[in-house]
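What follows is a set of notes on a single structure, which appears directly below.
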Amino acid sequence: YTFLTFFFVLSGFIICHKFYEINSLKRKHLYNYFINRFSRVFPVLFILTTITFLLQYLKHTDTTSSIVTNYFLNITLLKGFSSEYYLTGIGPGWSLTVEELFYFLSPLLFLLLKKKSALLYILLTVYLAGLLLTLLFSGINIGGFFSSFHFTFYFTFFGRVFEFLCGIYLAMLVKGIYKNAWIEKAGRGSTYTGVLLICIAVGLQYLIAVRFDVLQGYEHWLGLFVNNIIMPIGITILFYGLIYHKSPVQWFLGSGLMVQLGNSTYSFYL
């Protein structure tokens, strides 16, 4: 599950690097941006989700009303906000709710990025929004939506925002808008520093799972912190090294086979 963090950091980087101009909020830029995002995500999602629920209907694995409800929550991506429904249909699809909310908010986020300090304000604002939504919905208890703080901070954008912001920070470094003297001086060592931090984070996840007797490290708050904060920092440093410095890791990930696999990861994931 830690590899999902790679995806969120990479998404923050790619979207900011490729579409930063949408911060102008010009109609043409926004139109092209949202059409691009919609065409990349929803056609495949619609086809595979429809097939999944059609098979469920034909196999009578659930009631018709339940299938219709689940299908609606899946196709609208609302299921990702509910601890009751997030694994229905195509289970891993819950992460698309996280991703799509980032896509939707990106024009506003990019509008605020003139100074690095804005990243901190965005982080705290989104965290606060997650806290308030959880306080509201956990008291009402409707369909598992924002049912607990732990669910909100692992399974929704309101808890995973730091990973996207790490990617955005990296994009701003690459664009030359932000500066970071340490990472620039690290040179080729940035790649291996990133790999080391990632290995430490994965190791800590395992130790936390054993120590607190949980199936996955993120099920404990300490593991959640490692996964959502320490892991993306390591990944960001690694990505910087991969962009600017040659290494065996860069050569492997840039090989023809890995590039082809990368182009098909979304369909494969679903």
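Across the stretch 80-101, the qualifying residues are those that are open to solvent by 10 Å² or more (accessible area, probe 1.4 Å) and acidic (D, E), and the one among them that is nearest to T69 (Cα to Cα) is E84. Taking helices (runs of 4 or more DSSP H) as the structural unit, those lying wholly within the stretch 210-270 and holding at least 1 residues that are at pLDDT 95 or above and surrounded by 13 or more Cβ atoms within 10 Å (Cβ to Cβ) correspond to 221-225, 231-244.
In this structure, L238 does satisfy being farther than 29 Å from S82 by Cβ and under 19 Å from the mean Cα position of the chain (by Cα). Against the test of being touching a residue at least 24 places away in the same chain (Cβ under 8 Å) and either out of contact with any helix residue (DSSP H, G or I) (no Cβ under 6 Å at 6 or more places or on another chain) or under 22 Å from G12 (Cβ atoms) (or both), the options L242, L261 yield a single qualifying residue, L242.
The set of residues in the stretch 82-121 being of a type in the set (D, E, K, R) and under 17 Å from the mean Cα position of the chain (by Cα) consists of E99, E100. Scanning the stretch 131-154 turns up one or more residues that are closer than 23 Å to N74 by Cβ, of a type in the set (V, I, T), open to solvent by 50 Å² or more (accessible area, probe 1.4 Å) and assigned to a helix (DSSP H, G or I). The residues on offer are I14, I47, and the sole one that is more than 16 Å from the chain's Cα centre (by Cα), exposed (fewer than 14 other Cβ atoms within 10 Å of the Cβ) and under 14 Å from Y266 (Cβ atoms) is I47. Go through the stretch 68-79 and give me each residue that's open to solvent by 30 Å² or more (accessible area, probe 1.4 Å) and over 17 Å from the mean Cα position of the chain (by Cα). Listed by number, the residues that qualify are V68, T69, Y71, F72, I75, T76. Selection over the stretch 19-42 of residues that are open to solvent by 30 Å² or more (accessible area, probe 1.4 Å) and either aromatic (F, W, Y) or within 17 Å of the chain's Cα centre (by Cα) (or both) gives a count of 6. Look at the stretch 125-143: where a residue is in contact (Cβ under 8 Å) with a residue 12 or more places away in the chain and a partner is buried (at least 16 other Cβ atoms within 10 Å of the Cβ) and of a type in the set (A, V, I, L, M), sitting 6+ places away or on another chain with Cβ atoms under 8 Å, you get V126/V161; Y127/V161. When each of F104, F110 is tested for being closer than 24 Å to F3 by Cα and either open to solvent by less than 90 Å² (accessible area, probe 1.4 Å) or touching a helix residue (DSSP H, G or I) at 6+ places or on another chain (Cβ under 9 Å) (or both), the lone residue that passes is F104.
Of the residues making up the stretch 155-199, those that are in a helix (DSSP H, G or I), open to solvent by 30 Å² or more (accessible area, probe 1.4 Å) and touching a residue at least 60 places away in the same chain (Cβ under 8 Å) number 3. A residue that is at negative phi and in contact with a strand residue (DSSP E or B) (Cβ under 7 Å, 6 or more places away or on another chain) occurs somewhere in the stretch 130-139. In the stretch 2-23, the condition of being under 30 Å from E219 (Cβ atoms) and at pLDDT below 90 is met by at least one residue.
The values are calculated or read from the model by the stated rules, or taken from the named source; none is laboratory data. Note that the structure is a prediction, hence the values are computed from the model and not measured. Cβ coordinates were reconstructed from backbone atoms using ideal geometry, including for glycine residues, and neighbour counts include every protein chain displayed. Note: accessible area is taken over every heavy atom of the protein model, side chains too, but ligands, DNA and RNA are not part of it. Shrake-Rupley method; radii C 1.70, N 1.55, O 1.52, S 1.80 Å.
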